[in-house]
1. How do 297, 109 line up, fewest other C-beta atoms within 10 Å first?
2. What's the exposure ranking of 356, 70, going from fewest to most Cβ atoms within 10 Å?
3. Antiparallel versus total DSSP beta bridges in region 123-207: what percent is that, nearest 5?
4. With labels modelled as points extended 7 Å from the Cα through the Cβ direction, what inter-label distance (nm, one decimal) is found for residue 333 paired with residue 283?
5. As a footprinting exposure proxy, order 53, 144 by other Cβ within 10 Å, with the fewest listed first.
6. What's the angle, to the nearest 10 degrees (0 to 90), between helix 215-227's Cα axis and the longest principal axis of the chain?
7. When the gyration tensor of the chain is built from Cα positions, what are the square roots of 5 times its three eigenvalues, in whole Å, from largest to smallest?
8. Return the equivalent ellipsoid semi-axes of region 2-200 as a descending list in whole Å, where each equals the square root of 5 times an eigenvalue of the C-alpha gyration tensor.
Ligand SMILES: NC(=O)C1=CN([C@@H]2O[C@H](COP(=O)(O)OP(=O)(O)OC[C@H]3O[C@@H](n4cnc5c(N)ncnc54)[C@H](O)[C@@H]3O)[C@@H](O)[C@H]2O)C=CC1
Ligand SMILES: O=P(O)(O)OC[C@H]1O[C@](O)(CO)[C@@H](O)[C@@H]1O
């Protein structure tokens, strides 16, 4: 049987990428650090992916197993030697931590086989696979690096499926939205995986996804949180002022995307509306805290809020609603989120402009910072 190794047996791992490999006839070895998930994968060898719809249709994902990256290094190295695909959905900040083990796996693999391996990071981050490749190469000697040529390929990708935190502790089953899109950038001819879309140039796809789905989601999460810390995304969208704010913000990112990539304005508007409807799915029960999680990452210079604001400004387009979203993100003080707590300490100790400089790379005297501070003072 064809083999895929997937790092991160979490929501996207089990509910999306692993499920597509299994459907395409692969055995999926999930590599994680959560013993409870790993034990269950090895014990049950299958789980259900349930759709967040009226009918709750479900699909059984079979041919799965689990390995612990901390306790079963040798087994992971062997699994990497035998795989056709190696994918991750682990969180961009974790990629440097798994790179040394992947490097060991690749070093061992290229001694044993000339078969091709395709590595794809499935994270919400531009060029996540390039970053992973860089971390892996830091852990390899020159001779091994040379051996990777024509044997190990690294492809960037964009992943889109809303998979909330699961309210079924102890179960491997995953509730997911019906919609999904997995876009992979390559010019190679690669083994088919059902549901994978191949493109030659990823930039328009990942920017369109990140600056529409993720920007829109973040706006709802941060404004929803300010109104009610315990609400869900669909509940927040019952507030007409939040709906209006999402539409205005996606109008700004849309104007940038249309200009940058020559998108058809009508088609892009339909894309926006489809996404807002996806957010309204009440079966997902998706908390504003999950969608707002990790605000330091989300306020990063290349992420969903700051990059479109900077690009819009450069292009002479409006960015005031993006500035409002950035201000709302700066007020996200969810006390179970480490990054939110760190951000609040930074703001308390050094002020908003200094935090924006450090986290987002925005100049303290920039017009964007000025605009964000105005919104911040109005929202707080
Ligand atoms: N959940 C969603 O709706 C979407 C998530 N994404 C992206 O997918 C990635 C994963 O997100 P989720 O699946 O939601 O997160 P998650 O928290 O459900 O899953 C992450 C998994 O990684 C495991 N993990 C953490 N550190 C590890 C390590 N050092 N070694 C091995 N395993 C480790 C965790 O135990 C967990 O099972 C993130 O980059 C996220 O931005 C992308 C699109 C949608
Ligand atoms: O918040 P993160 O880790 O970027 O990932 C979750 C995001 O990805 C999405 O699934 C969109 O694909 C949204 O649920 C959410 O905005």
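Rule-based calculations on the coordinates, nothing more; no lab input. Not measured: the values here are computed from a predicted model. So basically every Cβ, Gly included, is an ideal-geometry build from the backbone, and we count neighbours across all protein chains shown.
1. On the way: 297 16, 109 25.
Ranking 297, 109 by Cβ neighbours within 10 Å, fewest first, gives 297, 109.
2. On the way: 356 26, 70 12.
Lowest to highest Cβ neighbour count: 70, 356.
3. Values: 4 of 8 bridges.
Taking every DSSP beta bridge with both residues in region 123-207, the antiparallel ones total about 50 percent.
4. Between residue 333 and residue 283, the label points sit 3.8 nm apart.
5. On the way: 53 11, 144 17.
Listed from fewest to most nearby Cβ atoms, that is 53, 144.
6. Helix 215-227 sits at roughly 60 degrees to that axis.
7. On the way: eigenvalues 249, 110, 83 Å².
Value: 35, 23, 20 Å, ordered largest first.
8. Working: eigenvalues 144, 68, 44 Å².
Output for region 2-200: semi-axes of 27, 18, 15 Å.
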